[in-house]
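Notes for the one structure printed next.
The values are calculated or read from the model by the stated rules, or taken from the named source; none is laboratory data. Computed from a prediction, not measured in an experiment: that's the story for all the values here. Positions of Cβ are generated from backbone atoms using ideal geometry, with glycine treated the same way; all protein chains shown enter the neighbour counts.
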Amino acid sequence: MQGTVTEEPQSKPTRRRKKGRGSIYRRRDGRWCAELPKPGGGRKFIYGATAGEVETKLTAAKATLDAGGNLGDDRLTVAVVLDRFLDERQHRTRPRTIESYRYLADHHIKPHIGAMRARSLTADDVQAFINRRVREGLSPSMVHHVLMVLRMAFKLAVMRRAVLVQPTTDVHGPKVERSIPVPLDLAETQKLLEAARSRPLGGVWFLAAGLGLRRGEVLGLRWRDVDLDAGRVTVRHQLVRTDDGMDLAPPKTKRALRTLSLSPAAVAVLQARKAKQAKDKLRLGEAWADSLGLIFTGERGHPIDGGTLASLHAALCKGAGVRHVRFHDLRHGAATLMLGAGEDPATLSATLGHARVAFTLDTYVHTSQPKIAEATGRLGALLGLG
């Protein structure tokens with residue numbers, strides 16, 4: 001059902017409506033408002049920045065009532081909508097992902113619009129919030145993630161009929177420019193690994209740069225996951241942070257569960273690591289803290305978190321005299337070098353543990369431009385166009 005619209009800037013409506021329909025009018029403060037009779041008596045007030053927005057909410061409210069639902073709590077805040085979303089996703093979302101959602105909600109949404117009434121939040125409100133965060137210097141990618149969390153939270157709220165309409169519809173975030181990493185080249189990677197060879201945790205870099213393992217996959221490896229005699233490693237878990245500390249979780253994708261071959265150099269580094277860890281265990285005795293059987297731990301057996309690894313990686317790059325790149329860029333570098341060596345996309349995708357070959361191509365096609373040039377040159381020669 002749709003209400004009638006009047007243009008008079010008044011605080012009470014011009015009552016041109018049929019029985020059982022809402023009335024839409026403009027208030028003296030500039031907002032538009034609708035009144036909807038509630039079952040059992042009383043009226044429901046619906047507000048918006050435009051008549052069209054109020055009409056959409058009014059239609060949704062009427063449909064809710066017709067379906068036997070209720071119009072919920074007008075005092076529900078955006079912060080509560082976010083908390084309900086996080087609680088609902090807690091046990092079906094990877095710990096690291098839910099941690100990032102919670103960070104975005106607590107630090108980038110709640111302080112700004114968390115106290116606003118969820119049912120009164122409009123698309124104009126959300127757009128103004130997004131624009132303000134951009135002006136305040138929040139990166140476009142971070143703003144994009146903020147808007148994503150807000151959309152998911154209100155999608156759930158609409159499904160639960162806690163709010164009437166999705167206020168993030170037609171809200172636009174800033175353009176996010178895709179950054180193309182420039183990983184270490186072959187010579188730089190060799191220098192980095194040579195420097196890593198003598199480090200207590202040197203195997204971390206041999207597995208990241210030599211196999212393209214993700215950070216969590218490397219740090220989550222256990223001794224039971226490697227067969228040094230056969231020269232194989234099986235990725236079964238990733239190390240993640242939970243509310244109770246660091247723990248193991250399933251790999252990022254189903255295809256991330258994979259077995260890879262170790263180079264002789266990687267086997268040698270891991271053998272040295274095993275001997276070093278055995279000495280540390282013997283020296284510390286019951287003070288040894290590792291309960292997961294991890295290959296890579298701190299000096300007392302504690303798991304290594306991402307911040308610690310980032311510091312170690314920065315120091316290693318400096319010590320090796322190579323450009324500082326992100327630790328994750330070693331994975332990009334491994335993919336780049338494999339493509340340059342002629343590895344086919346399907347095998348590369350399986351090695352990296354990507355869910356889809358298309359993602360591998362989309363992510364790393366920029367690294368194969370020289371080989372594309374060679375291919376087109378060969379085709380030209382084949383066609384007699386050289």
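Give me a count of the residues in segment 92-125 that are of a type in the set (Gly, Ala, Ser) and touching a Ser or Thr at 6+ places or on another chain (Cβ under 8 Å). Let's see the steps before the verdict.
Taking segment 92-125 as the starting set, the residues that turn out to be of a type in the set (Gly, Ala, Ser) are 100, 105, 114-115, 118, 120, 123.
Still in the list and also touching a Ser or Thr at 6+ places or on another chain (Cβ under 8 Å): 114-115, 118, 123.
Total meeting the criteria: 4.
Scanning segment 180-200 for residues that are free of Cβ contacts under 8 Å to residues at least 24 places away in the same chain and of a type in the set (S, T, N, Q) returns 190, 198. Looking at 291, 349, 368, just one residue is at pLDDT below 80, among the small types (Gly, Ala, Ser) and either buried (at least 16 other Cβ atoms within 10 Å of the Cβ) or closer than 23 Å to residue 251 by Cβ (or both), and that residue is 368. If the condition is being within 15 Å of residue 352 (Cα to Cα) and among the small types (Gly, Ala, Ser), then segment 203-236 contributes 208, 209, 210, 212, 216.
Among the helices (runs of 4 or more DSSP H) confined to segment 51-128, the ones with at least 2 residues that are at pLDDT below 95 are located at 51-66, 78-89, 95-104.
With respect to (1) among the β-branched types (Val, Ile, Thr); (2) surrounded by 18 or more Cβ atoms within 10 Å (Cβ to Cβ); (3) in a helix (DSSP H, G or I), the lone exception for residue 325 is condition (3). Quick check on segment 254-269. Is at least one of its residues surrounded by fewer than 16 Cβ atoms within 10 Å (Cβ to Cβ), at pLDDT 90 or above and assigned to a strand (DSSP E or B)? Yes, segment 254-269 has at least one match.
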